[in-house]
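First up is the structure itself, then whatever we jot down about it.
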Amino acid sequence: KLSHAHSVYMASKNKKKSHSLARIQTDSVVEKLKELYPDVHFEIVAMSTTGDKILDTALSKIGEKSLFTKELENALEKNEVDLVVHSLKDLPTVLPEGFTIGSVLKRENPHDAVVLHPKHKGKCLQSLANKSVVGTSSLRRAAQLKKRFPHLEFKDIRGNLNTRLKKLDEKDDFSAIILAAAGLRRMGWENRISQILGPDDCMYAVGQGALAVEVRARDQDILEMVSVLNDSDTVLRCIAERAFLKHLEGGCSVPVAVYTEVKNSQLYLTGAVYSLDGSDSLKETMQTSISSDNQKVDEKVQRVSITALKVSEAPQDAAVKLGVDLGNLLLSKGAKEILTVARQLNDAQ
């Protein structure tokens, strides 16, 4: 039933640079699809998005995640392309009408990593000198790390991975920068990772480390095609994380962090909210069973904008409920006030 040409869109930061992270991520998904569907021709179309072009403003100030996705969704809508590959953490918890995430691939390491200036080789955040400057574009990272490492100073750094590493290496402005370990691994720059930050130091962003394929919600053929890429554990973890974030109404402009794991048919979700300086925070953990006797697999139900055709229904519902329940628990303890103040302060800066 599939036509023999599917174009795959990617958010390329720069049409000329084929070694950008967006391109590498798209290529990795296309490779998997080519193996599974050798008869289908996949064409990759590169384009840049508004979010890629605004490099002089902090992400938290731009606020809208849709800046990175709008142009791509326009192309999907016009049938110019059939699939878009994203980092899941860039996708809002509610997609525009007519679009859905058709697959969430097996997650890379979702944690954040410390990349040191070459002259600090062998150190870690703890051992950096007093008032050392650490670069990060994320309020979530800064809020957690300010509290954990009060001797350090945190400053905004923007740009794609290549740009940020260049700023670190070629100038003396930063002693270290914090980046997602997954991106560094995909670029083949694992040797630059000096330290992986565990959940006690810094919990990660919702969906971090997972790639998502966005498709038209009505396109059953394409949905079927990409559904084989779904990794069940990753899907359930990310549904819980997204349901938690959606319930808190968090986004780029507020510090919300998560940590999830699956063991012995239990899904564990830890979620936290922070004030901008990290001094005020709430953190709780809940769990739910995701074993499913009833292997009923869904047809077309979206959960936090994910349509996971090959994943059992009951665990998906349990994952949504877990996220909502944890959100409610934090809200009952005052999360809304913390997030409101964080949002106001961020807007005022």
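Some notes on this structure:
- Placing a label point 7 Å from the Cα of ALA129 along the Cα-to-Cβ line, the residues of segment 177-200 whose backbone N sits under 18 Å from it are 177.
- Computed from Cα atoms, the angle from the helix 21-36 axis to the main principal axis of the chain rounds to 30 degrees.
- Point-to-point label distance, LEU36-GLN295, nm (Cα→Cβ direction, 7 Å offset): 1.8 nm
- Carbon/sulfur fraction of accessible area - the chain, other protein chains in place, 1.4 Å, %: 48 percent
- Restricting the calculation to Cα atoms, every distinct pair contributes to the Kirkwood radius of segment 105-260, found to be 16.9 Å.
- LYS166 paired with ILE196, simple spin-label distance in nm, labels 7 Å along Cα-to-beta-carbon: 2.9 nm
- Choice from LYS167, LYS70, LYS121 showing the highest fluctuation, given a GNM over the chain with Cα pairs closer than 10 Å: LYS121
- Per residue, the chain exposes an accessible area of 44 Å² to a 1.4 Å probe, with every protein chain left in place.
- Once the Cβ-Cβ distance of LYS106 and TYR268 is raised to the sixth power relative to R0 = 22 Å, the FRET efficiency obtained is 0.75.
- Across segment 249-316, C-alpha contacts under 8 Å between residues 6 or more apart give a mean separation that, scaled by the residue count, equals a relative contact order of 22 percent.
- Positive-end residue of GLY135, VAL104, MET203, charge dipole of the chain with Cβ unit charges: GLY135
- Helix-derived mean residue ellipticity, 222 nm - over the chain, DSSP H n ≥ 4, -39500 (n - 2.57), to 500: -10000 deg cm²/dmol
- Net charge dipole size for the chain [Lys, Arg +1 and Asp, Glu -1 on Cβ; Debye, nearest 20]: 1120 debye
- Near-label residues of segment 99-116 by backbone N, under 12 Å of a point 7 Å along Cα→Cβ of GLU77: 99
- Cα-based helix-to-principal-axis angle, 335-348 vs the chain, degrees rounded to 10: 70 degrees
- Alpha-carbon radius of gyration plus Dmax, which is the widest Cα pair, for segment 164-253 in Å: 17.2, 52
- Of the trypsin sites (Lys or Arg not before Pro) found in segment 202-240, those that fall in a DSSP loop while having at most 11 other beta-carbon atoms within 10 Å are ARG218.
- Percent of Cα pairs in the chain per distance bin of 10 Å, from zero to the largest separation: 5, 25, 34, 25, 9, 1, 0.
- Comparing SER253, SER291, SER103 in a Gaussian network model of the chain, where Cα atoms under 10 Å apart are tied by springs, the biggest mean-square fluctuation is seen for SER291.
- In this simple spin-label model, placing a label point 7 Å from the Cα along the Cα-to-Cβ direction at both THR340 and ILE24 gives a separation of 4.3 nm.
- The C-alpha atoms of the chain define a longest principal axis, and helix 232-248 lies at about 60 degrees to it.
- Our summary gives the chain a relative contact order of 20 percent, counting only alpha carbon pairs under 8 angstrom and 6 or more residues apart.
- Pairwise Lys count, segment 201-349 - Cα closer than 27 Å, eight or more residues apart or different chains: 22
The values are calculated or read from the model by the stated rules, or taken from the named source; none is laboratory data. The model shown is predicted, which means the values in this text are computed figures rather than measured ones. No Cβ is skipped: glycine too gets one built from the backbone with ideal geometry, and neighbour counts run over all protein chains shown. These area figures cover heavy atoms from the full protein model, side chains too; ligands, DNA and RNA do not enter into them. Shrake-Rupley method; radii C 1.70, N 1.55, O 1.52, S 1.80 Å.
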